[in-house]
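Comments concern the structure below.
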Amino acid sequence: MSDEISAPVVKTEVDPCEGANWHPGKAWIAVVAACFFLLLGSSSLNMLTPILSLILKEFNQDANFGAGLSSVVSAASAIVSIPIGLALNRFGFRKIGIIGYIVLLLSGILGATLANNVGMLMFVRVLQGIGYVFPPIICIYLVTQWFPKGKQSLPISIVASSTFLAKVVMLQMSKIAIPWDGWRGQFALYAILCVIGIVLFLFFMKPGPGYAVAEAERIKKTKTEKAPLLLVLKNPFIWFIIILQFTFSVAQRGFTTFQNIILVDNIGITNNAASDLGTILNLMPIVGGIFVGWLLTRNMKNRATIVAFILAIFFIGYITPYFMTSYWQALLFVILVGFCSGIPQFCQASLPKFSTTPAILAMALTIFNFVGKYLGGFVAPFFVSIPQTMFGSWFWVWVPMAIIGVIGIVVVFVLARRLDKHDFAEKNAVKE
């Protein structure tokens, strides 16, 4: 196996984002617009959390139907993710991004107006699954065009943290939406946010200095166009990152799908109080994600291993909410595990280290999202709903979550060891 495939490559070519070509102000404005785009995409995944009990009651359905409403989003995302990734390399992120916004906007409008039966609601969720695919690929791809190689980890982590901010926005927005128009009000307010997002995208998410390099790669008409997918599929360390994201998705999405219902049932609090705990759970990862982004830019020994230990706390912590019985236990959980939940931004921040060209990075992000996020998100709710419906209690969900946690811990330490070795070799190369 060649070094190009088996390890991160230290690139020696001139970085188009360095020197006079780099405009930090414009770069950070693009990051803000990218954060909003990813927030809207991720909101489509999480907007049902505070309103799921209302939907289940209106349509007289059980927890497995709720799991289906969550999983159909991930299933749709998985089906279209690779075609959209290929289209991104062929047509560029501007055209593809506009299509993504239109799909998300349409899902909000239909959910607010026509989702009067199970079939239409499922169709709306399919649209949201399709729309969600666009932001994770485009936003990270954009950051790599605007920032020098050594300064990408922090903005990537900030953008990736928007997935958690999306959950906070949806939880708090429901306090306005439900009194206004029930659960359909959640979709109406979401549609309004999409209109704002389209404006931000058109004016501020513009190509960065690295775009010329990406374009040169995109317009190639030779067999090398197929190389990115092959290189990604053959790279074991990209697969380690993907498996890590898969286990993370199962642990987190499994809980957050039923988060409010679990907290209300186990602790005996109100739905609004559960939303407030969920808000803390999803604000803390933003702090954790920014911390990881900062850590990965530091000249620090064994920094990846430090991240791995923090992520181990995340996996252990996500075993506990299914048998918590007090508000204080839940508060400790949302603060500590919430902070550790931001650590998987480490996954996306590490992908560029294994990608030698923009085209390879775009395809790596596509496969990463397809398996790690969408397939992981698809199966996650059933890891929770099946034990719950079998035993009539949330308690036994800790068993499958413990298995997932062990896999995640093993993988993250193997990956961290490889990244720390690479950092050591890179520093020695620079000294020489």
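For the stretch 157-179, filtered to residues that are of a type outside the set (Val, Ile, Thr) and within 10 Å of the chain's Cα centre (by Cα), the residue that is farthest from ASN271 (Cα to Cα) is ALA160. Against the test of being within 30 Å of GLY392 (Cβ to Cβ) and not in a helix (DSSP H, G or I), the options ILE262, ILE269, ILE280 yield a single qualifying residue, ILE269.
Which residue pairs have Cβ atoms under 7 Å apart, sit 6 or more places apart or on different chains, and have a first residue in the stretch 90-101 that is in a helix (DSSP H, G or I) and a second that is hydroxyl-bearing (Ser, Thr, Tyr)? Pairs found: PHE93/TYR141. Do any residues in the stretch 271-297 that are surrounded by fewer than 20 Cβ atoms within 10 Å (Cβ to Cβ) have Cβ atoms under 7 Å from those of residues that are of a type in the set (D, E, K, R) and modelled with pLDDT of 80 or more, where the two are at least six apart or on different chains, and which pairs are they? Sorted first by the residue in the stretch 271-297, then by its partner, the pairs are ASN272/LYS175. Scanning the stretch 43-87 for residues that are aliphatic (A, V, I, L, M) and in contact with a Pro (Cβ under 7 Å, 6 or more places away or on another chain) returns a single hit, ALA67. Before we move on, is PRO155 crowded, with 23+ Cβ neighbours inside 10 Å and either modelled with pLDDT of 85 or more or at negative phi (or both)? When the stated conditions are applied, PRO155 passes them. Among all positions in the stretch 395-414, there is no residue which is of a type outside the set (A, V, I, L, M, F, W, C) and in contact with an Asp or Glu (Cβ under 9 Å, 6 or more places away or on another chain). Within the stretch 286-314, the set of residues being within 21 Å of the chain's Cα centre (by Cα), within 19 Å of VAL414 (Cα to Cα) and modelled with pLDDT of 75 or more comprises ALA304, VAL307, ALA308, PHE309, ILE310, LEU311, ALA312, ILE313, PHE314. Please go through the stretch 328-364 and give me each residue that is at pLDDT below 80, closer than 17 Å to ASN235 by Cα, assigned to a helix (DSSP H, G or I) and over 11 Å from the mean Cα position of the chain (by Cα), ordered by number. ALA349, SER350, LEU351, PRO352, LYS353, PHE354, PRO358, ALA359, ILE360, LEU361, ALA362, MET363, listed by residue number. So, in the stretch 54-73, of the ones that are assigned to a helix (DSSP H, G or I) and not hydrophobic (A, V, I, L, M, F, W, C), which residue ends up surrounded by the fewest Cβ atoms within 10 Å (Cβ to Cβ)? If we take residues in the stretch 54-73 being assigned to a helix (DSSP H, G or I) and not hydrophobic (A, V, I, L, M, F, W, C), then LYS57 is surrounded by the fewest Cβ atoms within 10 Å (Cβ to Cβ). Scanning the stretch 196-213 for residues that are modelled with pLDDT under 80 and not in a helix (DSSP H, G or I) gives LYS206, PRO207, GLY208, PRO209, GLY210.
Within 23 Å of PHE383 (Cα to Cα) and at pLDDT 85 or above - does that describe any residue in the stretch 32-42? Yes, because at least one residue in the stretch 32-42 is within 23 Å of PHE383 (Cα to Cα) and at pLDDT 85 or above.
Every condition in (1) touching a helix residue (DSSP H, G or I) at 6+ places or on another chain (Cβ under 9 Å); (2) free of Cβ contacts under 8 Å to residues at least 12 places away in the same chain is met by ILE84 except one, and the failing one is (2). Against the definition (surrounded by fewer than 22 Cβ atoms within 10 Å (Cβ to Cβ), of a type in the set (Val, Ile, Thr) and within 25 Å of GLN61 (Cα to Cα)), how does VAL118 come out, yes or no? It is true that VAL118 is surrounded by fewer than 22 Cβ atoms within 10 Å (Cβ to Cβ), of a type in the set (Val, Ile, Thr) and within 25 Å of GLN61 (Cα to Cα). Got at least one residue in the stretch 85-92 being crowded, with 21+ Cβ neighbours inside 10 Å, of a type in the set (A, V, I, L, M) and farther than 23 Å from GLY278 by Cβ? There is at least one residue in the stretch 85-92 that is crowded, with 21+ Cβ neighbours inside 10 Å, of a type in the set (A, V, I, L, M) and farther than 23 Å from GLY278 by Cβ.
Take the conditions (1) over 23 Å from PHE370 (Cβ atoms); (2) part of a helix (DSSP H, G or I); (3) among the polar types (S, T, N, Q); THR247 misses just one of them, which is (1).
The values are calculated or read from the model by the stated rules, or taken from the named source; none is laboratory data. This one's a predicted model, so the numbers in the text were calculated from it and none came from an experiment. Backbone-built Cβ (ideal geometry, glycine too); neighbour counts: all protein chains shown.
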